[in-house]
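Single-structure report; data block below.
The values are calculated or read from the model by the stated rules, or taken from the named source; none is laboratory data. What you see is a predicted model, and the numbers here were worked out from it, not measured in a lab. Ideal geometry is used to build each Cβ from the backbone, glycine not excepted, and the neighbour counts take in all protein chains shown. With ligands, DNA and RNA removed, areas are computed over all heavy atoms of the protein, side chains included. Shrake-Rupley method; radii C 1.70, N 1.55, O 1.52, S 1.80 Å.
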Amino acid sequence: PALRDVLADLRAAGRPSLSFEISPPRDEDAARLLWDSLRRVEALEPAFVSVTYGAGGSTRDRTVRVAGEVAATTTVPPVAHLTCVSASRAEVRQVVGELVDAGVRSVLALRGDPPGGPGSPWQQHPDGLGTALELVEMLRGMGDLTVGVAAFPNGHPESADADADARVLALKARAGASFAVTQLFFEAARWTELVDRAAGHGCDMPVLPGLMSITSLRQVERFERLSGAPVPAALVARLEDAHRTGGDEAVRRAGVEHTVGLGGELLAAGAPGLHLYTLNRSRAALEVADALGLGAAVPAAS
Ligand code: FAD
């Protein structure tokens, strides 16, 4: 079944979806780690696994290959991320053709960060697309694909204000997107505000919160860069406390506990499911899914 039907069925049954994000591995060792993680998450029968597209399209071939392997060798539908950076319209069409040939029927349509990196001015390829919205429109004319898009609970760094993010999200839904996945964030209210604003613009597309646990103090700065907001002081204090009393493992546990708390609040607030970033490691994501009772029940190991 098409992913949009899977999501609609879960919605109708009142069951939240569970999904995971992975990235194409760089080498053999990384590939072993990824496939070990994939086999573990597959047992939970997630609604989908999404495969990232490297900055500037740098993993183009590997993204197509890994998404195709997920389609061919697992029971989980893959969603391939796709960006417009440094690519002509013809090149984007070519990648979509390769994905379809590889058995991939769902795409997360993204603009991508500027070629100079996040924060530098956006430069459109002379024959390329300017926004994710244009990509959604292009994909609509390319066969029966289920299209997802990005959403930003803390605001996209280039957006004028929170309403602009909600308006763009609603435009993407109107153009044919059937679900959205959010950037990382730390407070449930940011998701609720975005979804309420988008609803004010006529958008009722499911917006899956994208969550990742901070598993070491060194990651705090990176999470701030990705989420576009400071990690809340109370969470940093909790992680530092954990480190003082229990070292690295206690930090990891505190990070996972925070995600479980946030995920629980989001589901209680009506989130249609949770999308867990894995960095190709399954442990923290599986602990979160398990604590929240998401996914198919896995028989206990004997
Ligand atoms: P857009 O929707 O085009 O938005 C970009 C900016 O333009 C925003 O400020 C928006 O408000 C504004 N805008 C867009 N359309 C309009 C309009 N019609 N009118 C006015 N303003 C408009 N990057 C990668 O390179 N590879 C990945 O695999 C990847 N995966 C991601 C997964 C998720 C879940 C998320 C949230 C992000 C991901 N990114 C990835 C990062 C993403 O490409 C960047 O955040 C990028 O800067 C914005 O992409 P977008 O699709 O939201 O762009």
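In region 108-125, what residues are away from the ligand (no atom under 11 Å from the Cβ), open to solvent by less than 80 Å² (accessible area, probe 1.4 Å) and either at pLDDT below 95 or within 20 Å of R65 (Cβ to Cβ) (or both)?
G116
Could you check region 61-109 and list, in sequence order, the residues that are under 17 Å from the mean Cα position of the chain (by Cα), part of a helix (DSSP H, G or I) and under 16 Å from T146 (Cβ atoms)?
Listed by number, the residues that qualify are A67, V70.
So which residues in region 21-46 are in contact with a strand residue (DSSP E or B) (Cβ under 8 Å, 6 or more places away or on another chain) and in a helix (DSSP H, G or I), if there are any at all?
The answer is L34, S37, L38, V41.
Determine which single condition A170 fails, assuming it passes every other condition in (1) open to solvent by 10 Å² or more (accessible area, probe 1.4 Å); (2) more than 10 Å from the ligand (Cβ to nearest atom).
(1)
Testing G148 on (1) more than 25 Å from S58 (Cβ to Cβ); (2) open to solvent by less than 30 Å² (accessible area, probe 1.4 Å), one condition comes back false. Which one is that?
Only one criterion is unmet by G148, namely (1).
Does any residue of region 19-29 turn out to be at pLDDT 95 or above and over 29 Å from A87 (Cβ atoms)?
Yes, the conditions are met somewhere in region 19-29.
This table checks each residue for (1) within 15 Å of the ligand (Cβ to nearest atom); (2) buried (at least 23 other Cβ atoms within 10 Å of the Cβ); (3) of a type in the set (S, T, N, Q).
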{"residue": "A8", "(1), (2), (3)": "no, no, no"}
{"residue": "P16", "(1), (2), (3)": "no, no, no"}
{"residue": "W35", "(1), (2), (3)": "no, no, no"}
{"residue": "Y53", "(1), (2), (3)": "yes, yes, no"}
{"residue": "T74", "(1), (2), (3)": "no, no, yes"}
{"residue": "V100", "(1), (2), (3)": "no, no, no"}
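Out of the residues in region 249-278 meeting the condition of being surrounded by fewer than 16 Cβ atoms within 10 Å (Cβ to Cβ) and of a type in the set (A, V, I, L, M), tell me which one is farthest from the ligand (Cβ to nearest atom).
Looking at residues that are surrounded by fewer than 16 Cβ atoms within 10 Å (Cβ to Cβ) and of a type in the set (A, V, I, L, M), I get A250.
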